[in-house]
Every structure is written in structure tokens, then in C-alpha cells.
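So the structure is just underneath, and the comments pick up after that.
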Amino acid sequence: MKSADAVVIGAGVSGSSIAFRLAQLGLKVVLVDKNGPGAGASGACDKAIFMQSKRPGLHMELAMASRRMYDTLEAELEHSVEFESDGGMVVIETPRHMEFMKDFIQKQRNAGISVSLIDGDAARAAQPFLAPHILGASFSPDDADVNPLALNAAFFRAARRHGAVLQTHSEVIGVHTKRGKVTSVETTRGSIATELVINAAGPFAKRVGALSNIDIPVQPRRGTILISESIPKKVTGCVLDAQYIASKHLRSDNDDAPPYGVGFSLGQTVSGNLLIGGSREFAGFDKRSNPDVVATIAQHAARIAPELANTRIIRIMTGFRPYTGDGLPIIDWAQGTDGYIVAAGHEGDGLALAPLTGQLVADLIKGSGPTHHFLEGLTIGRFTAPAPAGAPDTQPAATPQLHAPA
């Protein structure tokens with residue numbers, strides 16, 4: 001039987017970040033994945049590190065702390081992640097969206113984000129492909145881009161330099177305990193003796209938790225992105241629309257929620273491919289592309305950026321975001337099982353929070369550190385604590401409705 005100080009389940013950006021930080025502490029780490037790095041959510045997403053889409057409060061504080069880490073991350077990992085800090089834009093189509101965004105922008109400014117409202121002409125000057133009907137946009141220089149696959153690779157390679165072992169094509173089929181304490185992890189490639197396991201399995205975290213009778217409130221939220229052929233440079237930074245902001249945060253049963261949760265997102269890779277999104281829907285683990293979703297994404301994108309109607313799509317990418325319901329991940333010790341940590345539920349913020357996630361888990365294990373103060377708001381117990389008297393028996397909506405503020 002192999003042995004390790006810690007076994008990290010899931011080799012996406014979160015799991016690889018965790019493996020790196022724990023290996024830095026001198027722990028003997030084994031990182032296991034049923035496929036390999038980038039095979040899950042980290043390989044089926046866009047490239048945006050978007051600050052202005054975050055809610056003020058803990059959500060924003062986490063994103064800002066992680067964004068600061070990006071400034072020195074390539075040097076620390078000794079590997080390019082194609083990080084570019086060209087800013088980001090949220091385009092506004094309608095007067096209703098304009099009123100919503102004015103309120104949203106003010107809240108972002110109050111939270112410390114550098115963001116400004118520009119008119120339609122200024123938006124088209126910055127991004128010439130935008131349609132004439134675009135009324136304006138918010139712009140923030142704090143937004144950035146990264147290559148998610150390069151980021152994933154950089155984390156696990158840095159982890160290996162510090163002694164971590166990567167075990168791919170190795171599905172976890174059991175986490176064994178004795179007297180309520182973790183003793184080993186059983187995989188399809190054998191057992192690993194350990195007293196510490198970190199469940200960083202993203203949208204599959206609930207399934208992995210069930211192996212140990214641990215209920216982890218994470219569910220898959222399907223998303224689809226269209227990928228174009230390589231074309232000359234067209235997009236500067238990353239572009240969203242106000243509907244995307246609403247789709248990200250509103251409950252799916254909200255009257256303002258668009259069909260299939262579709263909102264506009266646009267980015268361009270270093271190789272010239274456009275990433276055109278996207279959707280947010282609950283469909284279990286059904287990864288089949290829905291033609292209606294694809295058509296809705298394409299029509300919505302072509303209305304905002306008419307040139308896209310003549311751009312050839314070469315691939316459709318569908319994946320799952322790990323959704324918790326309140327927009328925040330779970331980073332906490334599992335209740336009732338000593339030595340079991342849950343680090344999942346980042347939804348669409350896996351890239352934005354990747355540098356911070358490893359540090360959060362390291363500080364959780366140490367019981368102190370520069371990010372330890374964030375952990376109080378990331379507990380698994382927040383989903384099981386009794387609701388205050390008179391509170392509705394549902395998860396609260398994560399952000400204001402898409403209407404003019406009262």
C-alpha cells in the first residue's frame with residue numbers, strides 16, 4: 001500500500017493548487033484523478049478572471065485576494081499561464097439593463113473595484129465588433145484573462161517539483177475510516193494510506209462524499225461554450241453582458257432568468273480562437289449538447305456582436321460548474337469524519353479563485369495563515385444550520401433582481 005500525508009481528489013485547477021500549497025508545506029502529497037488534469041470543469045470553461053461580476057462582500061473579498069496573487073503567480077510557478085490583465089467589459093443593451101448596471105456598478109465601487117460606466121460610442125471604440133444598439137458598458141482594468149489548461153498544468157508541475165505525486169486514471173472508490181478518522185483512500189489503482197483527504201472533485205464532490213456518507217451540497221450546473229476557428233485578433237480582454245451577470249447569480253426559477261441561463265461572454269485565446277458563451281442550466285450529468293441551447297447562445301451573441309454571425313464554429317464545449325446555491329465554495333472540515341476536507345463548489349469562479357484555494361486549504365490545515373479569516377464564511381455547516389425564525393425555507397437569491405433599484 002502506498003502512503004501519503006495527504007491525498008487530494010481531483011486534479012483540476014483547485015485540486016492542483018491545493019496539492020502545490022500542501023507540498024510547499026513539506027507534506028507528502030498524492031493527487032488523484034479519474035481522468036487527468038483539465039479533463040473536468042477546468043478544461044471546459046472560458047478564460048476570464050472577472051472581478052466586476054462578483055458580489056460585494058465575501059465573494060468579492062475572495063476574488064480580490066486571489067487576483068492579487070495572480071500578479072506574481074507565473075514567477076512562483078515557474079511556468080507561463082498566459083495571464084493578461086487587459087481589463088473587462090460588461091455591455092448593456094437596454095434601458096432596463098442600464099438601470100440595473102448603474103446600481104451594480106456603484107456597489108462594485110463601494111467594494112473597492114475600479115469600474116466605470118462608458119457610453120455606447122466609447123464601448124464600440126474599445127470593442128469595434130459591438131452592435132450599434134449597445135447603449136454603454138461598464139469597464140474595469142481589474143479584470144484579466146488566463147489559459148485554464150496552462151494554469152492547471154503549471155500548478156501540478158509546481159506541485160511535482162515539491163515532491164507531489166500525480167496519479168491519473170485513478171478513480172476513488174472508497175475513503176476508509178477507523179473510529180471516525182480517515183485511514184486510507186481506495187482507488188482503482190490500489191490503496192493509499194493517509195490520515196488526510198481533500199475532496200476537490202468539483203461537480204463530482206457530492207458523489208465522492210457519498211462514498212463516506214458525507215453529504216456535500218454541490219450539484220452540477222451545465223454550461224456550453226462555442227469555439228470558433230482561429231481568426232485575427234478581435235477581442236481585447238474579456239466581454240460579458242448584463243444578462244450574463246443576471247444569469248450567473250439569479251435563481252433558475254426567478255422570473256428574470258433567461259432561457260437556459262444564456263448570457264453573452266466573449267474571449268479570444270492566444271491562438272486566435274473565440275470562446276463564445278454561454279449557458280447555465282441544471283441537467284444532472286448529461287453532457288450532450290442541446291441544439292436549442294447552442295442556437296440560443298449563437299443568436300444572443302450575434303445580436304450583440306453581429307460579426308459573429310459569419311464566424312465559423314469548429315467545436316462545442318460542454319461542461320459542469322460545481323454549484324452550491326450561494327455563489328461561494330465550501331472549504332471546511334467535513335462534519336463527523338476527522339481528516340476529511342471539502343474544497344469544492346466554486347461554480348464559475350474556479351479560475352478566479354484558483355490561486356487562493358490552495359492557500360485557504362493550507363491555512364485550514366495549519367489553523368492559521370494569511371487567508372484563515374475567510375474560512376468562517378466558507379463552512380459546510382452554513383447549509384445545515386437552522387434558518388432564523390420566519391426565514392423562508394429556501395436558498396436566498398444571490399444578487400439583486402434585474403430591475404431598476406427601488
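Some observations on this one:
- Other residues with beta-carbon under 12 Å from the beta-carbon of GLY136 carry, at +1 per Lys or Arg and -1 per Asp or Glu, a net charge of -3.
- Exposure proxy order (Cβ contacts within 10 Å, fewest to most) of ASP332, ASP145, ASP86: ASP86, ASP332, ASP145
- Positive-end residue of GLY202, LEU240, ALA309, charge dipole of the chain with Cβ unit charges: GLY202
- Summary of packing: across the peptides 18-31, 356-369, the per-residue average of other C-beta atoms within 10 Å ranks them, highest first, as 18-31, 356-369.
- For the chain, built as a Gaussian network whose Cα springs stay under 10 Å, the top-fluctuating residue of GLY190, GLY339, GLY87: GLY190
- Rounded if a/c under 1.5, otherwise prolate or oblate - the range 175-275, Cα gyration tensor axes: oblate
- Relative contact order computed over the chain (Cα-Cα under 8 Å; 6+ residues apart), in percent: 23 percent
- Think of the chain as a dipole: +1 on every Lys or Arg Cβ, -1 on every Asp or Glu Cβ, centred on the Cα centre; then among ALA4, GLY369, LEU266, ALA4 lies furthest on the positive end.
- Between ASP71 and SER230, the simple spin-label model (points 7 angstrom out along Cα→Cβ) gives 3.3 nm.
- Segment ALA283-ARG96, length gained on full extension (0.36 nm per residue, minus Cα span): 64.3 nm
- Other residues within the sphere of radius under 13 Å centred on the Cβ of ILE331, judged by their own Cβ, net out at -2 (K and R +1, D and E -1).
- Extension gain, SER271-ALA131: 0.36 nm per intervening residue step, less the Cα-Cα distance, totals 47.9 nm.
- Stokes-Einstein diffusion for the range 48-193 at 37 °C, viscosity 0.692 mPa s, with a Kirkwood radius from C-alpha pairs, works out to 176 µm²/s.
- Selected from VAL182, ASN152, THR224, residue furthest toward positive end of dipole (the chain; charges at beta carbon): VAL182
- Net charge of Cβ neighbours under 15 Å - reference HIS372; Lys, Arg +1; Asp, Glu -1: -2
- What the Cα atoms of the chain give is an Rg and a Dmax of 20.8, 66 Å.
- Rule-of-thumb Rg ratio for the range 1-108 [Cα; 2.2 N^0.38 Å; N residues]: 1.40
A short reminder: the numbers here are calculations on the coordinates, not readings from a lab. Bear in mind the structure is a predicted one, so any value in this text is a computation, not a measurement. With ideal geometry, Cβ positions are generated from the backbone for all residues, glycine too; neighbour counts draw on all protein chains shown.
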